[in-house]
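Can you read through this structure? Questions will come right after.
The values are calculated or read from the model by the stated rules, or taken from the named source; none is laboratory data. Predicted model, so just to flag it, every value in this text is computed and none were measured. FYI the Cβ positions are ideal-geometry reconstructions off the backbone, even for glycines, and counts take in every protein chain you see.
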């Protein structure tokens, strides 16, 4: 059974033991998938639970200024981790107390006491604990005392370059979705629950399904997209992702207009697949000027996606 926990303290979660892997897992690219797949396979071989440990917020979002873009929100990440065969996801609350915790304390309280780990697996260059003081060698030392083993998987390369979240962010910001998909093993998507907006798009003839994005977005602009979760097949469309400068928006919002669809999607979980970047966000002098550009964007998106103009609503 898939389970989620958030806290460092509490009773044992895996009475029979576990195999754990640790990481930010932002984006869940092929390198992450290799680590998670290895941990899940080792758990099956030992007949114990597989555990993925991550953090919310991510440590780099706390310490880096400005915070780096987030590739994947936590809800989508947790669901994807379960789909990858992980039994138990720890999305640990990263606050001041957690940040001050030593590597040794983390290992004993979380890995040993809560999870009863028999094996711990990490990626290349893994660091953990206060001031990033813990390393794979730290895990080896504590494991010898507490009865678990630790290991590191090899890096994964694509097109002669190591797969990393940093590289993935660069490709997304450049609009190179084909290269990003090679690092991910799938198309890049953002998933979430449709929220009710100001309904300006509907008034302008372009109703949209809106997803909030309460982190630094990994890309901004206007895009040709396919929307999953509305009917049996993905729906083609055009989307805006950013802060809507013409209407003085503040928080990032992903607004997807689905061609040929005018139903009610509020509360529905959808997934927006990015196919091509059309242009940057821009501020228009007035709404009529913005609508004319939206029509041009829709026509360009339809051409890229192979959707006849008469199929749009």
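Taking the residues in region 187-205 that are under 22 Å from residue 296 (Cβ atoms) and in contact with a helix residue (DSSP H, G or I) (Cβ under 8 Å, 6 or more places away or on another chain) as candidates, determine which candidate is surrounded by the fewest Cβ atoms within 10 Å (Cβ to Cβ). Explain how you work it out, then say what you get.
Here is the first cut: in region 187-205, the residues under 22 Å from residue 296 (Cβ atoms) are 200-205.
Retained after the next criterion (residues that are in contact with a helix residue (DSSP H, G or I) (Cβ under 8 Å, 6 or more places away or on another chain)): 200, 204-205.
Details: 200: 16, 204: 14, 205: 12.
By that ranking, first place goes to 205.
Report whether or not residue 237 is surrounded by fewer than 20 Cβ atoms within 10 Å (Cβ to Cβ) and either under 26 Å from residue 182 (Cα atoms) or touching a helix residue (DSSP H, G or I) at 6+ places or on another chain (Cβ under 8 Å) (or both).
The answer is no for residue 237.
Does residue 92 qualify as being crowded, with 20+ Cβ neighbours inside 10 Å and touching a strand residue (DSSP E or B) at 6+ places or on another chain (Cβ under 6 Å)?
Criteria not met by residue 92.
Does any residue in region 194-215 that is within 26 Å of residue 27 (Cβ to Cβ) come within less than 8 Å, Cβ to Cβ, of a residue that is modelled with pLDDT under 70 and not in a helix (DSSP H, G or I) six or more places away or on a different chain, and which pairs are these?
Correct list of pairs: empty, since none qualify.
Next question. Tell me which residues, restricted to region 206-220, are out of contact with any helix residue (DSSP H, G or I) (no Cβ under 7 Å at 6 or more places or on another chain) and within 19 Å of residue 288 (Cα to Cα).
Within region 206-220, none qualify.
If a residue must be under 21 Å from residue 84 (Cβ atoms), free of Cβ contacts under 8 Å to residues at least 24 places away in the same chain and in contact with a helix residue (DSSP H, G or I) (Cβ under 6 Å, 6 or more places away or on another chain), how many such residues does region 171-186 contain?
Residues in region 171-186 being under 21 Å from residue 84 (Cβ atoms), free of Cβ contacts under 8 Å to residues at least 24 places away in the same chain and in contact with a helix residue (DSSP H, G or I) (Cβ under 6 Å, 6 or more places away or on another chain): 1 in total.
Being in contact with a strand residue (DSSP E or B) (Cβ under 6 Å, 6 or more places away or on another chain) and within 12 Å of residue 107 (Cα to Cα) is the filter; apply it to region 120-148 and report the residue that is surrounded by the most Cβ atoms within 10 Å (Cβ to Cβ).
120
While we're here: In the list 97, 80, 52, 67, which residue meets the criterion of being at pLDDT below 95 and within 20 Å of the chain's Cα centre (by Cα)? Working first, answer last.
Values: 97 fails: within 20 Å of the chain's Cα centre (by Cα); 80 fails: at pLDDT below 95; 52 fails: at pLDDT below 95.
The match here is 67.
Let me ask something else about it. Applying the selection to region 149-167, what residues are out of contact with any helix residue (DSSP H, G or I) (no Cβ under 9 Å at 6 or more places or on another chain) and either under 27 Å from residue 104 (Cβ atoms) or modelled with pLDDT under 95 (or both)?
Across region 149-167, the qualifying residue is only 160.
Within region 156-165, count every residue that is outside any strand (DSSP E or B) and surrounded by 14 or more Cβ atoms within 10 Å (Cβ to Cβ). Give the derivation first.
We begin by selecting, within region 156-165, every residue outside any strand (DSSP E or B); these are 156, 159-160, 163-165.
Restricting the remaining residues to those that are surrounded by 14 or more Cβ atoms within 10 Å (Cβ to Cβ) gives 156, 163-165.
Matching residues across region 156-165 total 4.
Looking at region 26-53, which of the residues that are assigned to a helix (DSSP H, G or I) and in contact with a helix residue (DSSP H, G or I) (Cβ under 9 Å, 6 or more places away or on another chain) is nearest to residue 156 (Cα to Cα)?
31
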